[in-house]
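Scroll down for the structure; my scribbles are underneath it.
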């Protein structure tokens with residue numbers, strides 16, 4: 001797999017930032033918080049610009065009013081509007097083809113950057129991805145803008161952080177700040193933005209990261225409010241709901257349903273991508289095929305278009321359609337989203353999962369009301385729980401969605417129920433599927449990460465960096481007496497044994513050779529050979545090496561560069577691997593706890 005190599009600021013760019021200012025940010029936690037506030041504000045501005053651009057595209061391409069949304073149109077105003085996703089698909093395909101020729105390396109998203117690259121991202125790639133996401137949403141593809149928001153917010157944060165030459169842990173935190181500011185601004189929900197960063201972008205909650213992450217999220221929200229954008233994504237939903245024992249059972253059952261639906265949607269996206277790859281349709285034309293499917297579905301219901309923001313608002317404030325209609329829209333929206341992403345449109349499933357989950361919750365409430373009207377006291381509660389539950393299944397982040405429910409309704413009791421439902425969904429998805437949508441797509445590309453937790457240091461700490469290259473070798477046909485003479489006690493711990501052709505055959509412990517029966521001096525080395533079939537290669541990382549030591553139960557292993565020729569290039573001991581592994585884990589723990597700041601401050 002070809003991985004992206006993020007660009008770094010040049011010496012000229014670094015010199016543009018005064019040394020005194022860089023030192024202030026690197027050595028003073030207050031400086032990092034101030035930088036996080038600036039990044040949150042920039043992310044908020046970029047979110048407003050991106051959402052405004054998408055809204056303008058909807059207005060001019062679909063005839064939507066200035067304050068309207070394409071997904072709450074009752075019908076398409078003309079048949080020509082159904083062709084907009086097709087034309088947009090052709091444009092997306094052409095742009096993608098040009099970008100691939102210009103920048104062949106695959107760009108990284110914030111999760112991959114924080115997990116493998118220490119927070120390093122390419123700003124150019126981030127702008128390109130965000131622009132493609134806005135265009136995809138603007139032409140009606142059934143994708144959300146949130147992936148573009150977090151990409152550009154995190155990309156800007158990464159570029160600023162590398163310009164300040166921040167430590168690895170601080171840069172990862174700053175990337176989380178960019179995502180927090182973007183999501184907080186997009187939903188008008190600072191707690192949601194903060195915990196989105198912790199759960200999805202950083203991969204863990206850190207007390208040290210709390211202040212900058214929260215500051216960035218609040219900063220992003222304040223920017224949108226200053227610009228006059230104060231409405232939340234579905235408006236404030238008031239509820240007079242009183243929790244009953246039966247409600248817990250029914251809502252937890254809804255959570256399990258949403259978990260199953262989420263897994264099915266993720267599998268469907270994978271299936272459609274595989275079908276497109278197996279087809280003979282050129283990659284640049286595949287988005288147009290997807291656009292034709294979306295346009296055809298939009299003729300039946302425009303609610304499949306874009307992210308579904310307007311349709312979700314109408315669902316909570318305009319009255320719920322019949323159960324049958326809700327289920328039909330769920331199927332069409334799921335198909336449109338899967339086809340849009342599978343065909344090559346840029347975007348994510350964050351908002352689509354919220355919309356789909358809300359419709360599933362309303363349909364579930366309608367079904368329960370049909371069975372017994374006393375079972376459902378407030379259908380909007382089922383809509384909110386379904387909305388958050390499906391988002392947890394697809395996107396992840398149980399605390400993120402719990403706080404989204406709390407900031408949407410202001411109902412503390414409902415947020416506790418939502419926390420329980422989110423936990424149920426997380427357990428079900430983790431035990432039966434194991435991935436969120438973002439990490440599942442990385443898994444399909446050959447990566448093994450399941451979260452944004454930092455394992456990049458583990459990938460870069462390879463056997464080639466750990467091994468000793470000053471290898472002492474001996475011939476297999478050497479007698480034990482000659483071996484003892486050439487390798488006296490204390491000279492080395494291990495000797496690498498080679499055959500006549502110079503190929504590796506095993507290791508011999510020098511102390512064991514000297515402890516052997518004194519009368520066997522004329523014997524060969526074959527009885528003392530160890531590790532005949534277990535070898536390391538320079539490309540292995542430290543975790544793979546530790547796993548091999550555990551399986552083979554050997555104290556040392558030879559490093560082979562050429563498995564065919566069995567050419568030895570080094571030797572590595574288990575004790576050294578474990579010591580370095582422990583040191584790196586301890587360093588990561590200190591970074592999470594902020595102990596490095598305390599020492600340097």
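Tabulated values for the structure
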{"item": "Pick from the range 108-122, criterion outside any loop (DSSP other than H, G, I, E, B) and surrounded by fewer than 24 Cβ atoms within 10 Å (Cβ to Cβ), ranking: modelled with the highest pLDDT", "result": "112"}
{"item": "Subset tally (residues that are buried (at least 24 other Cβ atoms within 10 Å of the Cβ) and over 17 Å from residue 92 (Cβ atoms)) for the range 330-349", "result": "2"}
{"item": "Residue within the range 538-548 that is assigned to a loop (DSSP other than H, G, I, E, B), touching a helix residue (DSSP H, G or I) at 6+ places or on another chain (Cβ under 6 Å), surrounded by fewer than 17 Cβ atoms within 10 Å (Cβ to Cβ) and touching a residue at least 60 places away in the same chain (Cβ under 8 Å) present", "result": "yes"}
{"item": "Odd one out for residue 443, checked against (1) in contact with a helix residue (DSSP H, G or I) (Cβ under 8 Å, 6 or more places away or on another chain); (2) at pLDDT below 85; (3) assigned to a helix (DSSP H, G or I)", "result": "(1)"}
{"item": "Flag for residue 466 being in contact with a helix residue (DSSP H, G or I) (Cβ under 9 Å, 6 or more places away or on another chain) and crowded, with 16+ Cβ neighbours inside 10 Å", "result": "yes"}
{"item": "Out of 288, 306, sole residue that is assigned to a helix (DSSP H, G or I) and outside the structural domain of residue 67 (by TED's automatic domain parsing)", "result": "288"}
{"item": "Count of the range 77-107 residues which are part of a helix (DSSP H, G or I), farther than 15 Å from residue 294 by Cα and in contact (Cβ under 8 Å) with a residue 40 or more places away in the chain", "result": "6"}
{"item": "Top-ranked residue in the range 496-537 [being in a helix (DSSP H, G or I) and in contact with a strand residue (DSSP E or B) (Cβ under 7 Å, 6 or more places away or on another chain); ranked as modelled with the lowest pLDDT]", "result": "528"}
{"item": "Test set (1) over 25 Å from residue 291 (Cα atoms); (2) surrounded by 20 or more Cβ atoms within 10 Å (Cβ to Cβ) - residue 125 fails condition number", "result": "(1)"}
{"item": "Criterion (surrounded by fewer than 22 Cβ atoms within 10 Å (Cβ to Cβ) and at pLDDT 90 or above) met by exactly one of 213, 229, 202, 263", "result": "263"}
{"item": "Criterion violated by residue 17 - all others in (1) in a helix (DSSP H, G or I); (2) surrounded by 15 or more Cβ atoms within 10 Å (Cβ to Cβ); (3) modelled with pLDDT under 85 satisfied", "result": "(1)"}
{"item": "Any chance residue 393 is assigned to a helix (DSSP H, G or I), within 26 Å of the chain's Cα centre (by Cα) and modelled with pLDDT of 90 or more", "result": "yes"}
{"item": "Some residue of the range 401-419 being in contact with a strand residue (DSSP E or B) (Cβ under 9 Å, 6 or more places away or on another chain) and in contact (Cβ under 8 Å) with a residue 40 or more places away in the chain", "result": "no"}
{"item": "Residue among 404, 442, 354 that alone is under 25 Å from residue 291 (Cα atoms) and crowded, with 24+ Cβ neighbours inside 10 Å", "result": "354"}
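The values are calculated or read from the model by the stated rules, or taken from the named source; none is laboratory data. Worth saying up front: this structure is predicted, and the values here are computed from it rather than measured. Here the Cβ is made from the backbone with ideal geometry for all residues, glycine too, and neighbour counts use every protein chain on show.
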